[in-house]
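The values are calculated or read from the model by the stated rules, or taken from the named source; none is laboratory data. Keep in mind the model is a prediction, meaning the values are calculated, not measured. Methodologically, a virtual Cβ is constructed for each residue, glycine included, from the backbone with ideal geometry; neighbour enumeration extends over all protein chains shown.
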Amino acid sequence: MSDRKVRVRFAPSPTGALHIGGVRTCLYNYLFAKKHGGDLLLRIEDTDSTRFVPGAEEYIIESFKWLGIKFDEGVGIGGDHAPYRQSERRDIYRKYVDILLKSGNAYIAFDTPEELEKLRAEIPNFQYDAKTRSMGKNSLTMSEDEVKAKIAAGEKYVVRAKVEPNEDIVIDDMVRGKVTINSNVLDDKVLYKSADDLPTYHLANIVDDHLMEVTHVIRGEEWLPSAPLHVLLYRYFGWQDTMPRFAHLPLLLKPVGNGKLSKRDGDKLGFPVFPLRWVDPKTNEVSSGYRESGYLPEAVVNFLALLGWNPGLDRDLFTVEELTELFDLGHVSKSGARFDYEKAKWFNHEYIIKKSDAELAAMYKPLLKEKGYEIADATLERIVGMVKTRISFVADLWEETNFFFEAPTEYDEKSIKKRWKEESPALMTELGKILEGISDFTSANMEKIVMDWIEKNGHNTGTVMNSFRITIIGAARGPHMFDIIEILGKEETLRRLNAALAVIK
RNA sequence: GGCGGAUUAAUGUAGUGGCCUAGCAUGCAUGCCUCUCACGCAUGAAACUCGGGUUCAAAUCCCGGAUCCGCUACCA
């Protein structure tokens, strides 16, 4: 088994937008596969025909495309083990259901949902298992002829796993170590339903993982309780020699309060829980996405990778290549990770800074155009370069650069109160004259001239510059003043200065 | 309720019996830089869930309590 090529899979069901926890699960699978030179497959688990949501599959594929996570095989890519959509593998499953039925490891049951509900209501902690299956309408309590007759009559049935009682089943989990669960707590899980001629997750995932030669099953912690059933199924089929290793990942928790991160938390608390924007086709409900909210894919990957795993180094910023090199299931933490959107923001901030001015300018351009402004690329790059350390998202750029495009229409009260002194009007008037006389209107040149003037006359630098700031920007904020006015140009600078002088106080 | 898992600062985590006077990062606070804000730099506040054991020695191992999470479907 150890000499087998590593093959892992991400197997979402197309029931809606892909939750960010699912994204992380896939990322860990990806990192693990790449680290070991293996394959990552994308399998669509659409065995619940009632929960199918149109568009979900495309959404999943597009999400990973955006994040730069590439699959080696699967839906949308193809491969030697096609089809990768479980609804297209009916014939395969039917064959394996028969094997289980023949070997006596499974049986047919006719109990209707209503009947089961009744049993649950009447018997406390009812579960369909070795103790109670004699109460059901199944092939264990009925004659063979009776069963055949019912099937021939078209009566709906399910196939259940026949779990033998009181056996300790040990799962050697790569994250948690050995976990023992007694078969008494397992129920006779439904493996197949005749109603839609499809298996349930439990059967399908075992058959597919085996057929697709999957070596490691890396999935969420919610699967841990049913893992012993999966072990049993491998045994029933006689596949224990090639049974994959299991790794159950900790869950992603809400940033505040209790419980796991849910779809609703995001927009309630102001951050996305989905990679891409999603519009529910039924309700038209819109959920925001990381991409549309201005997150950089590399920032999302970096942030997600560290939510539940840590290489144990004294830094947080890693490229995908580094993550791949460092990744190790043994360092995945066992407890749920609370989602920290403040840190997600910080990661994005860091990756924004890493971007070149040209890249950022290109990303900003469309937004600027929406505002009605188009300027030369070189100028926009200079502007973006001046403010990029103070933003977390590309969209923040407008807030930091609007004064390059629009003259202030009002002047910030607080700034005036703090920085506009009694002598400010006179100072600004004089500064205007100095600026007017400068023919080389470049940042460094102006700075030298103005600073000389301030020094020679014993003016207060802070008062002069902040008063000046208020007249040009409308508040005491922003990047280097002389850089700003160089871009604005002499005419606009003086125009704003005079306009402010007429309005303030 | 039953079963399983988990528990280091506000948050993500390092720590795998002595190196722990518990490290790093985010956030927060303060100072420096400085024309403002940010960046950067420096500093600071802040944690081993509780109780028993085992051991010369426990955040680390064992037992129990508490709390949280998951599962308990003809959902995945």
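From A:238, A:294, A:266, A:289, grab the single residue that is more than 21 Å from residue A:53 (Cβ to Cβ) and within 25 Å of the chain's Cα centre (by Cα). The match here is A:294.
For (1) of a type in the set (Ser, Thr, Tyr); (2) under 30 Å from residue A:306 (Cβ atoms); (3) touching a helix residue (DSSP H, G or I) at 6+ places or on another chain (Cβ under 8 Å); (4) within 11 Å of RNA strand B (Cβ to nearest atom), each residue gets a yes or a no:
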site	(1), (2), (3), (4)
A:173	no, yes, yes, yes
A:208	no, no, yes, yes
A:217	no, yes, yes, no
A:226	yes, yes, yes, yes
A:232	no, no, yes, no
A:255	no, yes, yes, yes
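Keeping to the stretch A:44-74, report how many residues are under 20 Å from residue A:202 (Cα atoms) and buried (at least 18 other Cβ atoms within 10 Å of the Cβ).
The number of residues fulfilling the criteria is 5.
Checked across the stretch A:418-437, the condition of being closer than 30 Å to residue A:353 by Cα, in contact (Cβ under 8 Å) with a residue 12 or more places away in the chain and either of a type in the set (A, V, I, L, M, F, W, C) or within 12 Å of RNA strand B (Cβ to nearest atom) (or both) holds for no residue. Return a yes/no flag: does the stretch A:421-436 have any residue that is in a helix (DSSP H, G or I) and more than 30 Å from residue A:457 (Cα to Cα). No, every residue in the stretch A:421-436 fails to be in a helix (DSSP H, G or I) and more than 30 Å from residue A:457 (Cα to Cα).
Taking every residue in the stretch A:380-398 that is at pLDDT 95 or above and pairing it with any residue that is in a loop (DSSP other than H, G, I, E, B) and of a type in the set (Ser, Thr, Tyr), at least 6 positions away or on another chain, yields no pair with a Cβ-Cβ distance below 6 Å. Looking only at the stretch A:200-243, filter to residues that are without any contact (Cβ under 8 Å) to a residue 60 or more places away in the chain and among the aliphatic types (A, V, I, L, M); which one of those is surrounded by the most Cβ atoms within 10 Å (Cβ to Cβ)? Out of the qualifying residues, it is A:206. Residue A:195 fulfils the conditions (1) more than 13 Å from RNA strand B (Cβ to nearest atom); (2) small (Gly, Ala, Ser); (3) part of a loop (DSSP other than H, G, I, E, B) except for a single criterion, (1).
Quickly run through the stretch A:452-478 and pick out the residues that are under 50 Å from the mean Cα position of the chain (by Cα) and surrounded by fewer than 17 Cβ atoms within 10 Å (Cβ to Cβ). Write out each step before concluding.
Initially, the stretch A:452-478 is screened for residues under 50 Å from the mean Cα position of the chain (by Cα), giving A:461-478.
Across the stretch A:452-478, the qualifying residues are A:461, A:462, A:477.
Residues that are more than 16 Å from RNA strand B (Cβ to nearest atom) and surrounded by fewer than 16 Cβ atoms within 10 Å (Cβ to Cβ) within the stretch A:344-361 comprise A:358, A:359, listed in sequence order.
Restricting to helices (runs of 4 or more DSSP H) lying wholly in the stretch A:229-334: which have 1 or more residues that are of a type in the set (A, V, I, L, M) and out of contact with any Leu (no Cβ under 9 Å at 6 or more places or on another chain)?
Working: elements: A:263-269, A:297-305, A:320-326.
Passing ranges, in order: A:263-269, A:297-305.
As a summary of the residue check, residue A:267 satisfies the conditions (1) touching a Phe, Trp or Tyr at 6+ places or on another chain (Cβ under 8 Å); (2) away from RNA strand B (no atom under 16 Å from the Cβ); (3) within 16 Å of residue A:255 (Cα to Cα) except for the one numbered (1). Just one of (1) within 8 Å of RNA strand B (Cβ to nearest atom); (2) under 20 Å from residue A:22 (Cβ atoms); (3) at pLDDT below 95 fails for residue A:312. It is (2). The residues of the stretch A:39-86 that are over 20 Å from the mean Cα position of the chain (by Cα), part of a loop (DSSP other than H, G, I, E, B) and at positive phi, listed by number, are A:76, A:79. Residue A:119 meets the conditions (1) assigned to a helix (DSSP H, G or I); (2) free of Cβ contacts under 8 Å to residues at least 24 places away in the same chain; (3) more than 13 Å from RNA strand B (Cβ to nearest atom) in every case but one. The failed one is (3).
Within the stretch A:307-318, residues that are under 16 Å from residue A:345 (Cα atoms) have Cβ atoms under 9 Å from residues that are outside any loop (DSSP other than H, G, I, E, B) and within 7 Å of RNA strand B (Cβ to nearest atom) in these pairs: A:307/A:337; A:307/A:338; A:307/A:343; A:316/A:343; A:316/A:346, counting only partners at least 6 apart in sequence or on another chain.
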